[in-house]
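Reviewing the structure listed below.
The values are calculated or read from the model by the stated rules, or taken from the named source; none is laboratory data. Given the structure is predicted, the values throughout are model-derived calculations rather than measurements. As a convention, Cβ positions derive from the backbone with ideal geometry for all residues, glycine included, and neighbour counts pool all protein chains shown.
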Amino acid sequence: MSPLRLIYLGLAIWGAVHPMYWIVQWFQVEGWDLQGLIAAWLATSAATALAWDLVISAVALTVFVLAEVAVRRNWVALLAIPATFCIGVSCGLPLYLFLRSAPVR
């Protein structure tokens, strides 16, 4: 595996673990309330801006993945979409880059 692919894989793992650590911390303090989490994302203008930035980035990444998969027929790259919406762009984008950079067979 190339060094670049290892970097993408490392970033995907980091992008999954690090944000989840903070989300779990929040849930342990505030309780397992999804509405409360969304309210926290919208609590300040700065938090709302960041939340919308991530939503727009996730949608853009999804459109890009779908367009690329339609051309390249790299169906496994579709795994980046649930990773993006279930974990975050910090996992979905490097995961997609890792999957896309696999050697062509």
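Data for the structure
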{"item": "Selected residue (only one of A58, A49 is modelled with pLDDT of 95 or more, out of contact with any Cys (no Cβ under 8 Å at 6 or more places or on another chain) and under 14 Å from Y96 (Cβ atoms))", "result": "A58"}
{"item": "Evaluation of A58 against (1) exposed (fewer than 12 other Cβ atoms within 10 Å of the Cβ); (2) closer than 22 Å to L95 by Cβ (one fails), failing number", "result": "(1)"}
{"item": "Test: residue in the range 73-88 that is surrounded by 15 or more Cβ atoms within 10 Å (Cβ to Cβ) and of a type in the set (K, R)", "result": "no"}
{"item": "Near pairs, Cβ below 6 angstrom, 6+ apart or cross-chain, from the range 25-50 (farther than 18 Å from C86 by Cα) to any residue that is of a type in the set (S, T, Y)", "result": "L42/T48"}
{"item": "Residue match in the range 8-20 (condition: out of contact with any His (no Cβ under 7 Å at 6 or more places or on another chain), of a type in the set (A, V, I, L, M, F, W, C) and farther than 18 Å from F98 by Cα)", "result": "yes"}
{"item": "V17 assigned to a helix (DSSP H, G or I), loosely packed, with under 13 Cβ neighbours inside 10 Å and β-branched (V, I, T)", "result": "yes"}
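Table: residues versus (1) part of a helix (DSSP H, G or I); (2) under 29 Å from P3 (Cβ atoms); (3) of a type in the set (S, T, Y); (4) more than 13 Å from the chain's Cα centre (by Cα).
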position: F27; (1), (2), (3), (4): yes, no, no, yes
position: A43; (1), (2), (3), (4): no, no, no, yes
position: I56; (1), (2), (3), (4): yes, no, no, no
position: E68; (1), (2), (3), (4): yes, yes, no, yes
position: L79; (1), (2), (3), (4): yes, yes, no, no
